[in-house]
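The numbers here are math on the coordinates, done by the rules we state, and not lab data. Keep in mind that what you see is a predicted model, and the values were worked out from it rather than measured. Heads up, the Cβs are rebuilt from the backbone with ideal geometry, glycines too, and the neighbour counts pull from every protein chain shown.
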Amino acid sequence: MSKNITLPGLIDPHVHLRDPGQTTKEDFLSGTSAALAGGYTTVMDMPNNVEPITTLERLEAKLAGARTQVVCDIGFHFGTLGDNFEEFPKVINKVMGLKVYLNVTTGNYIIDKPRLLDIYKAWPGQKPILLHAEDDVSDLVLSTLQAVPKATHICHVSSQAELEFVIKAKEAGLPITCGVTPHHLFLTDKDAERLGTFGHMKPFLKPQADQDFLWQHLGYIDVIESDHAPHTKAEKEGDTPPFGVPGLETTLPLMLTAEAEGRLTRAQLVEKLHTNPARIFGVTPDDATRIEVSMDEHEITNDALQTKAGWSPFAGRKLVGKVTRVVLRSQTVFENGQVLASPGSGRIL
Ligand code: DOR
Ligand code: ZN
């Protein structure tokens, strides 16, 4: 029997929409269309574009492109390689946070590790610093946070050791939050063997024991973030496959299916996909924004996706939780697989 539920518009603080620079992978229109199809009404875009968003000028160019294209609300994180501190005060009121890469990933924007402390000192105000910080750099993160206790969000925590670090830091009273991706909650290194390069992302998929630890300590995980990282099939099948998997259209069905299986409660789901990201990144929730979701089972298929990438590591899975309608500020912007909003009607945060 068909059953529908209503949820608040979801908020994803971690997506890579590739615009400008790599719009064959994704662009602002296709990426925000994928967001609506997945039940997101707000996304926050990462700065690792081909030309990284490390100056006001590049940020303004990106904003100008987004302004005419987006169909949901969007905010932007600023980037740094540790050499653009004079730009920080110029952009602070135009961004949601500062992203810092401490490990290798797409774009290769890893910083010189001794620069981290100076970055923390230079970042003005209260907006979060988001870290790509895998297990090997946890000592550096801890000492930096102890010296300069600024709000820090650890992205895509994927292992027992990484989550144990976050738990310890939280218990020590440090201003730290963390996100976990759906691929780390629903895929393991065993799936990586089957998926080949389509299962390559950073951080890598981990053994079952790590995944079990994440599920057992869900209370410490503030945010489920998709880390939507679209790359074309051809690139993934090529000689130098880039890291990353698309995730905007599969995260909610995966989480609602987990809820149906008793792995988390509805309250936890809403907290991690809406309430906590809103609080951490300062998004004001809107009462007239909601999504309607069918709890009938459906199969994830590549050809039904809005993302230009056109593939998902979860294709073939039968899940509940298909978004049937998205209402943004009282307007129906998505219904039965169709984006109804006109490009540019989303807001820039
Ligand atoms: O797998 C990933 N892909 N991890 C990241 O940290 C970056 C992302 C991308 O930009 O493709
Ligand atoms: Zn990412």
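Think of region 182-279 as a dipole: +1 on every Lys or Arg Cβ, -1 on every Asp or Glu Cβ, centred on the Cα centre; then among A209, G199, L264, L264 lies furthest on the positive end. Comparing Y101, Y40, Y220 in a Gaussian network model of the chain (Cα springs below 10 Å), the most mobile by mean-square fluctuation is Y220.
Given Cβ point charges of +1 (Lys, Arg) and -1 (Asp, Glu) and nothing else, what value in debye, to the nearest 20, does the dipole of the chain about its Cα centre take? Spell out each step's value before the answer.
Numbers: 34 positive and 44 negative charges, 140 e Å.
Dipole of the chain, to the nearest 20 debye: 680 debye.
Return the subset of K62/K202; K62/K90; K90/K202; K190/K272; K25/K272 for which the Cα-Cα distance in this structure is over 20 Å, preserving the input order. In this structure, K62/K202; K90/K202; K190/K272; K25/K272 lie more than 20 Å apart at Cα.
Beta-bridge orientation, the chain: approximately 40 percent antiparallel, per DSSP, counting only bridges with both partners inside.
Rg and Dmax, both from the Cα atoms of the chain and both in Å, are 18.7, 59.
Given R₀ = 25 Å, what would the calculated FRET efficiency be for K90 paired with T275, taking r from the Cβ atoms and rounding to 0.05? Can you show the working numbers first?
On the way: r = 31 Å, r/R0 = 1.25.
That gives a FRET efficiency of 0.20.
Gyration tensor over the Cα atoms of region 287-330: the corresponding equivalent ellipsoid has semi-axes (square roots of 5 times the eigenvalues, largest first) of 24, 14, 6 Å. For the residues S138, S158, S30, a GNM of the chain with alpha-carbon springs under 10 Å puts the largest fluctuation on S138. In this structure the amide hydrogen of H153, modeled in the peptide plane, comes within under 5 Å of the amide hydrogens of I129, L130, L131, T177, none closer than 5 places in sequence on its chain.
Converting phi to 3J(HN,Hα) with the Karplus coefficients 6.51, -1.76 and 1.60 and the offset θ = phi - 60°, region 183-197 yields 5, 6, 8, 10, 10, 10, 4, 5, 5, 4, 4, 6, 7, x, 5 Hz in sequence order, with x at every glycine or proline. The residues E261, E225, when put in order of fewest to most other Cβ atoms within 10 Å, stand as E261, E225.
Largest mean-square fluctuation among G244, G337, G316, in a Gaussian network model of the chain whose springs join Cα atoms under 10 Å apart, belongs to G316. For region 98-108, putting each phi into the Karplus relation 6.51 cos²θ - 1.76 cosθ + 1.60 with θ = phi - 60° gives couplings of 10, 9, 10, 9, 9, 10, 5, 7, 3, x, 6 Hz, in residue order, rounded to whole numbers and with x for Gly and Pro. Please list, ordered by chain and number, the residues whose modelled amide H lies under 5 Å from the amide H of H14; skip anything fewer than 5 residues away on the same chain. Those qualifying (amide H under 5 Å, at least 5 residues apart or on another chain) are M44, S226, D227.
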